[in-house]
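Please treat every number below as a calculation from the coordinates, not as lab data. Because the structure is a prediction, the values reported are computed rather than measured. Heads up, the Cβs are rebuilt from the backbone with ideal geometry, glycines too, and the neighbour counts pull from every protein chain shown.
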Amino acid sequence: MTTERILIVGAGGQIGSVLTDALRQNYGNDHVIASDMRDLGAQAGPTEVLNALDGNALDHLVQKWKITQIYHLAAILSATGEKDPMWAWNINMSSLFNVLETARNRNIRKVYYPSSIAVFGESADRDLTPQTEVLIPATVYGISKVAGENWAHYYFHRYGLDVRSLRYPGIIGYQSMPGGGTTDYAVDIYHYAVRKEAYTCFLSENTRLPMLYMDDAIRATLELMDAPAEKLTVRTSYNLAGMSFTPAEIAASIQKVLPGFQISYAPDFRQAIADSWPGAIDDSAARADWGWAPRYDLDAMTHDMLSHLHP
Ligand code: AKB
């Protein structure tokens, strides 16, 4: 019987909702408390309404549920953040500080904080971005993740707080919809395909970006959090890779299963964000330190997505 009690902040989001189910399977429904800004409704385990900007409310929940681990998934993503940079910065940083300070004060055992490929930008190697790279992001989201990674590193070295982090690429899953990212097209496209609708992509056809299937993303997160602390050599955030593809390549993968599927291109402001990101990243540190290996390539993902979404 586990003594762990896990609080998920942002459990209503694309990754948070799937991670909640996975953690409940591992730890038991009552050991995982799902919190979000909005009411999550009836679930298999406890839920709470939490505004992550309210540090006192967070501290109260941690005491109420005798929390031992926090997964902090609430954030404003790349595309939404560009519409109001100061608002996005405030939400992303204030919520992180609330989590880090509560964790430090309440002797939380482990914290999970996702970073992103959005930390990379100007002067990064686009072809296979190394773990240790110059970080000059083009978005406020990326800036907040660079800062967040460094605060995670600081809390680990200064206070011994065991914060762990992954630089997620675009995450694609059938279980939930993304909200406000530049990689969202790669989820939307499957929903259009199963409805037999043509899809107009907001990125140009040859825009290559790193992506990861949801099953792999969840497994990576759980494996990192389960890894022995002494194995972890990266205390900012680990590069994490699965596959890389362009909109034209994902469309071709869908057309192998649904030959009538059609795509056209109308790049908008998100093109500039995508152009600032790498096409592929080098995750050899994650592979060496805690045995990371993705299981899904593009066609395997397409098969799984379409078989789950098919009406
Ligand atoms: C986004 O597109 O903003 C996110 C990310 C890559 O972090 N999906």
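Taking amide H atoms as placed 1.01 Å from N in the peptide plane, the amide H of residue 115 lies under 5 Å from those of 166, 167, 168, each 5 or more residues away in sequence or on another chain. Calculated on the Cα set of the chain, radius of gyration then Dmax: 18.8, 57 Å.
Computed from the Cα positions only, the extents of segment 134-253 along the three principal axes stand at 53, 30, 21 Å, in decreasing order.
A P(r) calculated from all alpha carbon pairs of segment 169-311, with 5 Å bins opening at zero, reads 2, 10, 19, 21, 19, 13, 8, 5, 2, 1, 0 percent. Our note on the geometry: Cα centres of segment 264-296 and segment 160-190, 11 Å apart. Each DSSP beta bridge with both residues in the chain is either parallel or antiparallel, and the antiparallel ones are about 10%.
In plain terms, the C-alpha convex hull of segment 52-208 casts an average shadow of 11.0 nm² when viewed from every direction. Computed over segment 19-119, relative contact order equals 23 percent, with contacts defined as Cα pairs under 8 Å that lie 6+ residues apart. What's the center-to-center distance, using Cα atoms, between segment 73-151 and segment 1-53 in Å? That distance is 22 Å. Stokes-Einstein, applied to the Kirkwood radius of segment 255-297 over Cα pairs at a viscosity of 1.306 mPa s and 10 °C, places its translational diffusion at 111 µm² s⁻¹.
Cα centroid distance between segment 197-222 and segment 233-247, in Å? Cα centroid of segment 197-222 versus Cα centroid of segment 233-247: 12 Å apart.
Residues 269, 156, 120 in ascending order of nearby Cβ atoms (within 10 Å, fewest first): 269, 156, 120. In the chain, Cα pairs under 8 Å separated by at least six residues give a relative contact order of 18 percent.
Against the chain, whose longest principal axis is taken from its Cα atoms, helix 14-27 shows a tilt of about 50°. What the pair-distance distribution of segment 1-115 shows, using all Cα-Cα distances binned every 10 Å from zero, is 14, 49, 30, 6, 0 percent. Rounded, prolate or oblate: which fits segment 235-311, taking a ≥ b ≥ c as square roots of the Cα gyration tensor eigenvalues, rounded meaning a/c under 1.5, else prolate when a/b beats b/c? Oblate shape, in that a/c is at least 1.5 and b/c is the bigger or equal ratio. Fewest-first ordering of 109, 5, 167 by other beta carbons within 10 Å of each residue's beta carbon gives 109, 5, 167. Arranged from fewest to most other beta-carbon atoms within 10 Å of their beta carbon, 307, 244 become 307, 244.
Lysine pairs in the chain whose alpha-carbon atoms fall under 24 angstrom of each other, counting only those eight or more residues apart or on distinct chains, come to 7. Across all directions, the average projected area of the convex hull around the alpha carbons of segment 1-64 is 4.1 nm².
With the convex hull drawn around the C-alpha atoms of segment 108-178, the volume per residue stands at 116 Å³. In the chain, excluding the sites themselves, the longest stretch lacking any of the GluC sites (Glu not before Pro) that are in a DSSP loop with at most 13 other Cβ atoms within 10 Å is 1-121.
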